[in-house]
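See below for the structure under consideration.
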Amino acid sequence: MTIENPSRNEIGTILKKAKRIAVVGLSDNPERTSYQVSAAMQKAGYDIIPVNPTIDQVLGVKAVASLKDIEGHVDIVNVFRRSEQLFDVAKEFDLIDADVYWAQLGLENEEAYEFLKNKGYTVIMNRCIKVEHALTRV
């Protein structure tokens, strides 16, 4: 199976509906891409939930160690982890029943993609959420 992302229009609809984004691998270092992208999304009005067991807080929000520690519904899980770690994150994603699994630009994993698509989830890989947000705003 080849990784096939939703159309740009569908991505725009996803981003317009979404309110809460859990960011797996969010760094508290302002020079890291995960920090910069998440800060931009927070500034755009999204509720950002940092998922990183090695930090206490980032962007003024207390971090959680894993997706299972999040209370309430999550619209998008945005993943900043190496491609070989995406399947483990996908298994945890399945346990919390979030809406969209999003692997950042440069990240793809067919095993994670097939696992989630076969369960009916929306999966986006190798796309930057900040760029897609900028391209789909109306």
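The values are calculated or read from the model by the stated rules, or taken from the named source; none is laboratory data. Since the structure is predicted, the reported quantities are computational estimates derived from the model, not experimental observations. Positions of Cβ are generated from backbone atoms using ideal geometry, with glycine treated the same way; all protein chains shown enter the neighbour counts. When the accessible area is computed, the model is the full protein with side chains, heavy atoms only, and any ligands, DNA or RNA have been set aside. Shrake-Rupley method; radii C 1.70, N 1.55, O 1.52, S 1.80 Å.
I'd like the antiparallel share, as a percent to the nearest 5, of DSSP beta bridges with both residues in the chain. Each step should come with its number before you reach the end.
Working: 2 of 19 bridges.
Taking every DSSP beta bridge with both residues in the chain, the antiparallel ones total about 10 percent.
So what's the gap between the Cα centers of the range 67-138 and the range 1-64, to the nearest angstrom?
Going from one Cα centre to the other spans 10 Å.
Of all accessible surface on the chain at a 1.4 Å probe, what whole percent is carbon and sulfur?
The nonpolar share, carbon plus sulfur, comes to 45 percent.
So with the 1.4 Å probe, I'd like the accessible area per residue for the chain, rounded to whole Å². Can you show the working numbers first?
Details: 7360 Å² over 138 residues.
Result: 53 Å² of accessible area for each residue.
Using a 7 Å offset from the Cα along the Cα-to-Cβ direction at both Asp97 and Ser83, what is the distance between the two label points in nm, to one decimal?
3.3
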